[in-house]
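Participant: One structure coming up, written as C-alpha cells, with questions to follow.
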Ligand code: HDD
Ligand code: HEM
Ligand code: HEM
C-alpha cells in the first residue's frame, strides 16, 4: 500500500469480522430449530435415536455458540470503533432494534444454559419446552440485526438536515421497505444452511460406515427433508427479494446482472466476463428471465446501470456473488430431491456413495451461499453505508492503527477457527455413537431420562 | 426523573450487574487455574464448574447490553470513544474473545487441557484491567479534541497514577468478589474442604481490596478535583460501603450467615459504584459529553425506555428461573444430578 487508507482497512476489518461471525451466527440461528425438530420426533415417535441426535447436536452447538458470541461481541464493539460517524447517526435513528436485540441475546443465553444442564432434571417434554425460547431468542436476534441492515439499504423514519437529525420515528425506521424480504430470506437461508451442515455430518459418517448406520440414516433423512423445505422457501423468498430490488434498489440488481440499458424483455446473464467497455462475453443468457425475476412478466422494464450516475454504481463483480448464491440454492434443491427419491425406495439398502459424497459437499456449499449472499448484499450497497445519506468513505474512523488491528484480528480468527475444528472433531471422535446408545439404554426400548 | 437520567441509571445498573457477574467469572477462572498448578484442583474445581457452566454466556450479554445501550441513549459517545479507543478497545475484544472461546473449549470440549485453562485464567485478569481504563479516560484530559480530530493521549493515560490505582482496584476486587461468592456457594453445597480453601482466598483478598479503594479515592482528587468534591458530598455512600465490607468479612470470618455476607458484598460495591457514578454526573466523558446535552432525541429515548421495560418483563422471570435452578437449588448445587454422556 503506498499510502495509509483508514477507510480501506476499516472495510477489510469489518468484512473479515462479519464474514467470520456470520458462519457461527447462521449456525446459531438454524441449529436450535433442528435440535427442536429432533426432540419433537423423539417424543412423537417415541424413538430414542432422535433424542440422541438432539443431544449430540447440542453438544457441538455449544462450541459454535461460544464463537458466535465472542465474534458477535467483537462486531458490536467494532461498529463503534471503526464507523463512529455512522454509529452516531444510526444511534439516533435505528438504536431501537439494536437495543431489543440484546434482550433476545439474554433470552437465548439464559435458556440455552438451562437447556444444556437439565437433560437429567426434567421430563423430555418440559426439556423440549426450554428450546422454544432459545429458538425465539436466536431468530429474534437475526430479525433485529437484519432490520438494522435493511435500514442501511432503505433508510427512513428521520429527517437529516445540515448534519442534524430530526423528526425521528423509531418504529418506521425499523419497519423499512427492505425489511420484510430481507428478514425472511436471512432466516430461511440460515435454517436451510444449518440443516445441510447437519446432513453433511450424517452423510459423512454413513460414508465412513462408522458406528450405527441406522442412527446416521435417521439423521440424514430428517436433515435433508428439512433442508429441502427450507431451500425451496429460501429460493421463493429470494425471488421476492429480487422483485423488491428491481423496484426500490435497482442499481443493486442491475449490477448483479450486468444490465446496462433500461429495457423490457431483459435477459438473465449467467457467468461470463465483462470487457473494458462493458460488453458481456462468454455468458449464458436466458431471454426474458431478468424481466420475469424483476416483475413476474417478460414485459417488465428493468432499470439499467446507464441510468445511474457513475459514482453511485456498485462494483460489478457482485455479479459472481449473485450467480454463485442462486446456483448453490438450485443445486442443493436438486440434491435433496435426489435423496428423497432414493430414500423412498426401501429396497435399495445403502445409499449410493456418490450421493452421500455430494450431500457432504452441500453443507459447506450452503455456507458459501450465505457468504456470497451477504457479500452481494453489502458490496451491492456501495458506495453507500446509509443509502442516499452517507457514504462509506465519510463514515470511517480516522485512526491510524486500523491496519495493525486488522492483522491482530485475522490472527485471532485463525486461531479460533483452528481450535474450534480441533475441539469439535475430538468431541465427536471421543463420544462414539454406539457407546452412547448403550450408555443411554437405547438398545432395548425407551431411554430413561 | 428525566429521560436521560432514566437512561444513564439503566445503563449503570447493567454495568454494575456486569461488574458483579463478570468478577465472579473472571476470578473463578483464575482460581481454577491456580488450583491446577497448586494441585488442589480436585477440591475446588467442581464447585467452580458447576456454577459457571450454565451462566457464562449470560455474563457476556451484560456487557453487550451496556455498550449497545450507551450508543442508543447517548449516540455521541460512539464518535468520541469509538475514535479514541480503537486500540484499547480492540485489545479488550480480543481478550474477551479468547476467554469466551477457550472457556467453552476447555469445558465442553477438551476437558483439562492446561493451556486452555491458562489462557482462560490469565485473560480473566487482563480483561478487567483493560476495561477499567475506560473509567480513567472518562475523567477527562486523556481524550482530546483538536481541530476536529479526536485522539487518545497515551502518555497521559499511562502516566497517571489514577490509571494504575484503578487497574489495581479492578484486579483485587475481582478476586475478592469471586472468592466471597464461591465461599458462599461451596458452603451451600456442603463442600467443606472447598469452602475452607475459598474462605482463605476471600479473607486474604479483603485487605488489599479496601486499601486499593482508598488509593483510588485519593487518586481521583488528582485527576479530576471536581469529581472528588462531588464524591465527598456523597460521603455517606462510601461510608455505608465500608460498613457493609466490615460486616461481610466478619461474617465470613465467623463462618455464619454466608448468604447475608455475600449480599453485603453486593451492597458494598453497589454503594461505592453508584456513589462514584452519581458524583460523575452529568458527564459521561469529561468535559465533552454530558447526559443533558448529548442525549438522543426524545422519540428514540422514549422508545428505548419502553423497550427496556418490556424487556425486563421477560428478562427478570428468566433470570429468576436461572438462579433458582443453578444457584438456589440445593440438589443441583450439591451435584446430585450425575451427567450421562456429556
Ligand atoms: C445459502 C443461502 C442462500 C441461498 C441458497 C439464496 N440466498 Fe439470496 N441471500 C442470502 C442467502 C441465500 C443471504 C445471506 O441471506 C442474503 C444476504 C443479505 C440478505 O438479505 O440475505 C441474500 C440476499 C439476496 C438478495 C439481496 C437482497 C437485498 O440486498 O435486499 C437477493 C436479490 C437474493 N438473495 C436472491 C436470491 C435468489 C433469487 C435465490 C434463488 C435461489 C437465492 N437468493 C438463494
Ligand atoms: C452487523 C451485524 C451484527 C452484529 C453487530 C451482531 C452482534 C452480535 C453480538 C454482540 C453477539 C453476542 C451476543 C451474546 O453475547 O450472546 C451476537 C451473537 C449472535 N448473532 Fe450476531 N451480529 C451481527 C450479525 C448477525 C447476523 C446477520 C445474524 C443472523 C443471521 C446474527 C445472529 C446472531 C446470533 C444467533 C447470535 C447468538 C450467538 C450464537 O447463537 O451463535 N448476527 N451478534
Ligand atoms: C447492523 C447491521 C450492519 C451494519 C451496521 C453493517 C455495517 C457495514 C459497514 C460499515 C461496512 C463497511 C463498508 C462497506 O464496505 O460497505 C459493511 C460492509 C460489509 N458488511 Fe455490513 N453491516 C451490517 C450487517 C451486516 C451483516 C449482518 C452482514 C453479514 C455477515 C454484513 C456483511 C458485510 C460484508 C460482507 C461487508 C463487505 C462489503 C464490502 O466489501 O464493501 N453486514 N457493513
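Every number here is computed from the coordinates shown, using simple stated rules; none is lab data. Bear in mind that the values here come from a model prediction, so they are computed numbers and not experimental data. Don't worry about glycine lacking a Cβ; one is built from the backbone with ideal geometry, like all the others, and counts go over all protein chains shown.
Participant: Where does each of B:292-298, A:45-51, B:71-77 land if you order them by average Cβ count within 10 Å, highest first?
Facilitator: Details: B:292-298: 16.9, A:45-51: 18.4, B:71-77: 26.3.
Output ranking for B:292-298, A:45-51, B:71-77: B:71-77, A:45-51, B:292-298.
Participant: Between residue A:123 and residue A:232, what's the calculated FRET efficiency when r is the beta-carbon distance and R0 is 41 Å? Round to 0.05. Numbers along the way, then the final one.
Facilitator: On the way: r = 35 Å, r/R0 = 0.85.
Once the sixth-power term is evaluated, E becomes 0.70.
Participant: For chain B, what does the alpha-carbon gyration tensor say about shape, rounded, prolate or oblate, given a ≥ b ≥ c as the root eigenvalues, a/c under 1.5 as rounded, and a/b over b/c as prolate?
Facilitator: Details: a/c = 1.62, a/b = 1.53, b/c = 1.06.
Prolate.
Participant: Exposure proxy check: B:320, B:228, B:286 ranked by fewest other beta carbons within 10 Å? Let's see the in-between values first.
Facilitator: On the way: B:320 12, B:228 17, B:286 20.
Listed from fewest to most nearby Cβ atoms, that is B:320, B:228, B:286.
Participant: When only alpha-carbon atoms count, how far does the stretch A:184-225 stretch along each of its three principal axes, as whole angstroms with the largest first?
Facilitator: The Cα atoms of the stretch A:184-225 stretch 37, 14, 9 Å along the principal axes, largest first.
Participant: To continue, here is another question. For chain B, what is the mean residue ellipticity at 222 nm derived from helices alone (per DSSP H run of n ≥ 4: -39500 (n - 2.57); sum divided by total residues; nearest 500 deg cm²/dmol)?
Facilitator: Details: 13 runs with 272 residues, N = 342.
So the helix-based figure for chain B works out to -27500 deg cm²/dmol.
Participant: So what's the angle, to the nearest 10 degrees on a 0 to 90 scale, between helix B:235-254 and the longest Cα principal axis of chain B?
Facilitator: Compared with the principal axis, the helix lies near 10 degrees.
Participant: Shifting gears a bit: Using a 7 Å offset from Cα along Cα-Cβ at residue A:274, what residues in the stretch A:382-417 end up with backbone N under 19 Å from the label point?
Facilitator: The answer is A:382-385, A:392, whose backbone nitrogens lie closer than 19 Å to the label point.
Participant: Beyond 25 Å, what share of the Cα-Cα pairs of the stretch B:201-309 remains, rounded to the nearest whole percent? Intermediate results must be reported in sequence, preceding the final value.
Facilitator: Working: 2366 of 5886 pairs.
Every Cα pair in the stretch B:201-309 considered, those over 25 Å come to 40 percent.
Participant: Here's something else I'd like to know. Between 0 and 90 degrees, rounded to the nearest ten: what's the tilt of helix A:84-116 against the longest Cα principal axis of chain A?
Facilitator: With rounding to tens, the tilt is 0 degrees.
Participant: Average the reciprocal distances over every distinct pair of alpha-carbons in the protein assembly as shown, invert the result, and give the Kirkwood radius in Å. The partial results should precede the final answer.
Facilitator: Numbers: mean 1/r = 0.0355 Å⁻¹.
In the protein assembly as shown this quantity evaluates to 28.1 Å.
Participant: Over all directions, the average projected area of the alpha-carbon convex hull for the stretch A:118-171 comes to how many nm²? Can you show the working numbers first?
Facilitator: Values: hull surface 22.3 nm².
Averaged projected area of the stretch A:118-171's Cα convex hull equals 5.6 nm².
Participant: Could you compute Rg(Cα) / (2.2 N^0.38 Å) for chain A, with N its residue count?
Facilitator: Ratio of Cα Rg to 2.2 N^0.38 Å: 1.05.
Participant: Full extension from residue B:266 to residue B:306: what is 0.36 nm times the residue separation minus their Cα-Cα distance, to one decimal in nm? Don't jump to the answer; show the numbers that get you there.
Facilitator: Values: separation 40, 0.36 × 40 = 14.40 nm, distance 2.78 nm.
Here the segment from residue B:266 to residue B:306 would lengthen by 11.6 nm.
Participant: A further question on this structure: Provide the FRET efficiency to the nearest 0.05 for the residue A:340-residue A:421 pair, computing r from the beta carbons and using R0 = 45 Å. Provide the component values of the computation, followed by the final result.
Facilitator: Numbers: r = 31 Å, r/R0 = 0.68.
Result of the calculation: an efficiency of 0.90.
Participant: Another one. Before rounding to the nearest 500, sum -39500 (n - 2.57) across all DSSP H runs of length at least 4 in chain A and divide by the residue total; then give [θ] at 222 nm in deg cm²/dmol. If you can, show how the numbers build up before the last one.
Facilitator: Numbers: 14 runs with 317 residues, N = 449.
Here the helix-only value at 222 nm equals -24500 deg cm²/dmol.
Participant: Where in the stretch A:287-331 does the label zone of residue A:262 land, with the point 7 angstrom along Cα→C-beta and an amide N cut-off under 17 Å?
Facilitator: Only A:291, A:294-295, A:299-314 fall inside the zone, counting backbone N under 17 Å.
Participant: Cut-off is 10 Å between beta-carbons; in what order do A:402, A:361, B:313 appear when sorted fewest neighbours first?
Facilitator: Numbers: A:402 26, A:361 15, B:313 10.
Ordered from fewest to most neighbouring Cβ atoms within 10 Å, A:402, A:361, B:313 come out as B:313, A:361, A:402.
Participant: Between residue A:368 and residue B:320, what FRET efficiency comes out of the Förster formula 1/(1 + (r/R0)^6) with R0 = 30 Å and r the beta carbon distance, rounded to 0.05?
Facilitator: Details: r = 43 Å, r/R0 = 1.42.
Step by step, r from the Cβ atoms, then E = 0.10.
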